[in-house]
Amino acid sequence: MTASLTQDGFGARLRATRKRMGLSQTELGGDRYSGSYISHLESGRRAASAEVIEFLAMRLGVTADELGMEPSLPEPIDSLDNNTHALEHLLVAERAWYDRDWATAGELATRAAASALQAGQLERHWQALYVQTQAALAEGDYADAIHFAELLATHQVALSSPTLRAQALCLSATAHRVGDELPMALVHAGQAVELSTDAPPIVLADALMCLISTALEAGRPTAETDRLCQRLEDVSLHVESGHARGVIYWALGTASYKSGNISKGLELHDLAMELLSPRRDLRLWLRLNRSAATCRLDAGITDGVKEMLDASRGGLNLIGSVFDVFELRHAEAKLQLLDGQPQRAHDLVTALLADEAMRPAVISNGRGEELLAEIELDLGRTERARSAYVRAAGLYGKQEQFRQANECWQRAANLEAATSTIWTVSHPLVDRRVK
């Protein structure tokens, strides 16, 4: 006898059993599945395989049929049919990916992975997992992206090829970085660079860009990122694709801004603009415009920013993720602040922070609260600014962005000290009592 899963009611049974056992979603997943993945199973957003069900049943101390597994007679496995189904699903999934229909791409890639596994087609199973990971990243479903990427990196196919494993580790590092797990992102990106030493230049370039982005976000020393950037510049000389070089110049330009070399950052971003084509990858081109605008604003430059934001606004609102839209609206608010319109900036950023659709992006970094603090300070509302800095520091700390967290704590402390000094000077009677 084998077992087939009845999906209807499975999520509800899983949730009820978990709660009866007094386990959280994270505790139920153990070291194999994330709490977010368990949440998706319970809500019906993800279908559970027999292997997943058996693991969860074991963790809960119940039988598989108690979670919705119904006995059935064994069915003969036709490897050829399963292989054909895997190929069909994978081809349509890739088409959906190019059409930016991320949900359909992820669903079909999931089917392709299941069919390939049944047919024993490990290479096709790895390909399907790769599409699943990319689709989850594009949808902003970072918990699933991390789960799939880790499966990719430890897959038998990846373990037999340093190049494929390096690509898988890059995806895993990206998923962990955007999922606010910077320490693991650094580990995987570093491993990808090591494995890519003898790989084609474009593979090494991707790994280096991944490591540089993660190192910058984690606040690693400038000297360390400068060495990585120099290595990436050397590798770019051997990359033939102009589009790929454009992506490299984009990464190098952003790193230059963050290291304080504004003129080089401007130059490299201009080169990236020339080489990246919206016809080849519209979403990437839109993100480049938004990213270049953000870098200029962070450097106090407003020249050309409005045009960049105008170029990216319509497209990102249609095909961008919630994180793309958050960064776009954040940049629009900062432009208003730098243009001497603090109240308009305040209205924009408070609306952004209160927008439920933006919630995943708002709670995953402190940039929104930090900008609000700057605006409140410009409006002369010191106590409100201090409170916003404290909230920003807390958010940064949760995501292990300790340099940014420390900076915000220090600004909050400085404002508190300044306020206390002013208050004491203004109240000499209280000052005498203290003495």
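How many residues are assigned to a loop (DSSP other than H, G, I, E, B) and over 9 Å from Asn365 (Cα atoms) when one looks only at segment 387-408?
Of all residues in segment 387-408, those assigned to a loop (DSSP other than H, G, I, E, B) come to 399-401.
Now narrow it down to the ones that are over 9 Å from Asn365 (Cα atoms): 400.
Result for segment 387-408: 1.
Taking the conditions exactly as written (farther than 22 Å from Tyr396 by Cα and of a type in the set (Val, Ile, Thr)), does Thr197 satisfy them or not? Spell out the reasoning first.
Working: farther than 22 Å from Tyr396 by Cα: yes; of a type in the set (Val, Ile, Thr): yes.
So Thr197 passes the test.
For segment 336-345, indicate whether the set of residues that are out of contact with any strand residue (DSSP E or B) (no Cβ under 6 Å at 6 or more places or on another chain), at positive phi and open to solvent by 20 Å² or more (accessible area, probe 1.4 Å) is non-empty.
Among the residues of segment 336-345, at least one is out of contact with any strand residue (DSSP E or B) (no Cβ under 6 Å at 6 or more places or on another chain), at positive phi and open to solvent by 20 Å² or more (accessible area, probe 1.4 Å), which makes the answer yes.
Residues are listed down the side, and each one gets a yes or a no for (1) modelled with pLDDT under 95; (2) buried (at least 19 other Cβ atoms within 10 Å of the Cβ):
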{"site": "Asn365", "(1), (2)": "yes, yes"}
{"site": "Ala373", "(1), (2)": "no, yes"}
{"site": "Leu377", "(1), (2)": "no, no"}
{"site": "Gln401", "(1), (2)": "yes, yes"}
{"site": "Gln404", "(1), (2)": "yes, yes"}
{"site": "Glu407", "(1), (2)": "yes, no"}
{"site": "Ala413", "(1), (2)": "yes, no"}
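All but one of (1) part of a helix (DSSP H, G or I); (2) open to solvent by 40 Å² or more (accessible area, probe 1.4 Å); (3) farther than 19 Å from Trp250 by Cα hold for Glu307; which doesn't?
(3)
Cβ-Cβ below 6 Å, separation at least six or inter-chain, first residue in segment 1-21 and over 18 Å from Leu60 (Cα atoms), second modelled with pLDDT of 75 or more and not charged (D, E, K, R): which pairs?
none
Return the residue satisfying two criteria in turn: it lies in segment 114-136 and is open to solvent by less than 30 Å² (accessible area, probe 1.4 Å) and in contact with a Phe, Trp or Tyr (Cβ under 9 Å, 6 or more places away or on another chain), and of such residues it is farthest from Leu171 (Cα to Cα). Please lay out each step first, then the result.
Of the residues in segment 114-136, the ones open to solvent by less than 30 Å² (accessible area, probe 1.4 Å) are 115-116, 119, 125-126, 128-129, 131-133, 135-136.
In the following step, the residues that additionally are in contact with a Phe, Trp or Tyr (Cβ under 9 Å, 6 or more places away or on another chain) were identified as 116, 129, 131-133, 135-136.
Details: Ala116: 21, Leu129: 11, Val131: 11, Gln132: 11, Thr133: 8, Ala135: 11, Ala136: 11 Å.
By that ranking, first place goes to Ala116.
Say whether the condition of being open to solvent by less than 40 Å² (accessible area, probe 1.4 Å) and touching a residue at least 40 places away in the same chain (Cβ under 8 Å) is met by at least one residue in segment 261-281.
Looking for residues that are open to solvent by less than 40 Å² (accessible area, probe 1.4 Å) and touching a residue at least 40 places away in the same chain (Cβ under 8 Å), one finds none in segment 261-281, hence no.
Using beta carbons and a limit of 6 Å, which pairs, at least six apart or on different chains, have the first residue in segment 117-142 and under 15 Å from Glu94 (Cα atoms) and the second one outside any helix (DSSP H, G or I)?
Qualifying pairs under 6 Å: Trp126/His155.
Provide a single number: the residues in segment 156-185 that are open to solvent by less than 50 Å² (accessible area, probe 1.4 Å), without any contact (Cβ under 8 Å) to a residue 24 or more places away in the chain and closer than 25 Å to Glu400 by Cα.
0
From the list Arg359, Arg391, Arg403, which one is within 27 Å of the chain's Cα centre (by Cα) and under 26 Å from Ala138 (Cβ atoms)? Full working, then the answer.
On the way: Arg391 fails: under 26 Å from Ala138 (Cβ atoms); Arg403 fails: under 26 Å from Ala138 (Cβ atoms).
Criteria check complete, one pass: Arg359.
Just to be sure I understand, how many residues within segment 191-225 are without any contact (Cβ under 8 Å) to a residue 40 or more places away in the chain, under 15 Å from the mean Cα position of the chain (by Cα) and open to solvent by less than 10 Å² (accessible area, probe 1.4 Å)?
So the count comes out to 1.
Taking segment 50-64, which residues are at pLDDT 70 or above and either open to solvent by 70 Å² or more (accessible area, probe 1.4 Å) or not in a helix (DSSP H, G or I) (or both)?
Hits for segment 50-64 are Glu54, Met58, Arg59, Gly61, Val62, Thr63.
Any idea how many residues of segment 293-334 are without any contact (Cβ under 8 Å) to a residue 40 or more places away in the chain and over 20 Å from Met358 (Cβ atoms)?
Matching residues across segment 293-334 total 12.
The values are calculated or read from the model by the stated rules, or taken from the named source; none is laboratory data. No experiment lies behind these values; they were computed from the predicted model shown. Cβ: placed from backbone, ideal geometry, glycine included. Neighbour counts: every protein chain shown. The area values use the complete protein model at the heavy-atom level, side chains included, leaving out ligands, DNA and RNA. Shrake-Rupley method; radii C 1.70, N 1.55, O 1.52, S 1.80 Å.
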